[in-house]
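Take a look at the structure below.
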Amino acid sequence: MSRRKKSHQSHGTPNRPRLWGNHAVAAALDNPERKVLRAWATRDAAEFMQFPKEVAVTLADVADLGRLVPHDAPHQGVVIEVAPLEEAWLGDIVTHAPERSVLLVLDQVTDPHNVGAILRSAAAFGAIGIVTQDRHSPPESGVIAKAASGALERVPWVRVVNLARALEEMGEAGFWRIGLAGNAETDLKDALGPKKVALVLGAEGAGLRQNTREHCDALAKLPISDAIESLNVSNAAAVALYAASIA
């Protein structure tokens, strides 16, 4: 057991996550809000990344880098250890939201690959941030950063204690809250309308919790065919973001 614990820690911790891969690392280096604590890279990757002088870079071969990250993680020759980003605050985001805004709310979506992919879609479609419940969402990690392809550094991520209260705050700030639910009677395109929208998505399988549904202004579904029961939550987020961007 102690051997496994040591292996887990060697891949980073929530307080000192490790990021890897060209896009994730380059985005972290470009983010003035991100503090890079350590770096490891092959000689070619170190030259390509052009690390700032204040970042100490340890040159390593591919095999050594592979031991710094989870098994088979595509590190592309570069790994960094960072401090987590400063917390984003919901009040700041909704208060300063543009007249036309889309906010994503994730109700207990815990898979880091999905959260990373959702961050990537959020950046692609100009969402002003994502909101998750602190106890039921993954911490920053290399898996999220890799799936987000740089968006972890660009999209504000708000973690809240009480998701229902956060939804109330969004409503008070003028956001129309739409919960995505497969059993809803209304298609998403018909539920859209107000210029400020919060799209609320639940975990795969469980979907939106009842209390979350009760704090939405409308429930809507994506009009998918009968050939498949449902979409992966990250795919659903991308489709919903696109629909909101053209409404």
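The values are calculated or read from the model by the stated rules, or taken from the named source; none is laboratory data. Only a predicted model underlies this, so the values are computations on that prediction, with no experimental measurement involved. Here the Cβ is made from the backbone with ideal geometry for all residues, glycine too, and neighbour counts use every protein chain on show.
Taken over segment 117-161, the criterion of being over 16 Å from A198 (Cα atoms) and either among the aromatic types (F, W, Y) or surrounded by fewer than 19 Cβ atoms within 10 Å (Cβ to Cβ) (or both) is satisfied by A124, D134, R135, H136, P138, P139, S149, R154, V161. Can you report the number of residues in segment 50-90 which are assigned to a helix (DSSP H, G or I) and surrounded by 12 or more Cβ atoms within 10 Å (Cβ to Cβ)? Qualifying residue count, segment 50-90: 4. Count of segment 209-230 residues, restricted to those that are under 18 Å from V102 (Cβ atoms) and of a type in the set (A, V, I, L, M, F, W, C), is 5. Pairing residues of segment 69-83 that are assigned by TED's automatic domain parsing to the domain that holds L59 with residues that are surrounded by fewer than 19 Cβ atoms within 10 Å (Cβ to Cβ) and among the hydroxyl-bearing types (S, T, Y), at Cβ distances under 7 Å and at least 6 apart in sequence or on separate chains, gives G77/T42. Within segment 89-113, being of a type outside the set (G, A, S) and farther than 17 Å from L163 by Cβ holds for D92, T95, H96, P98, E99, R100, V102, D111, P112, H113.
Just to verify a result, which residue in segment 8-32, among those that are within 24 Å of E87 (Cβ to Cβ) and without any contact (Cβ under 8 Å) to a residue 60 or more places away in the chain, is farthest from the chain's Cα centre (by Cα)? Going through the qualifying residues, I end up with Q9.
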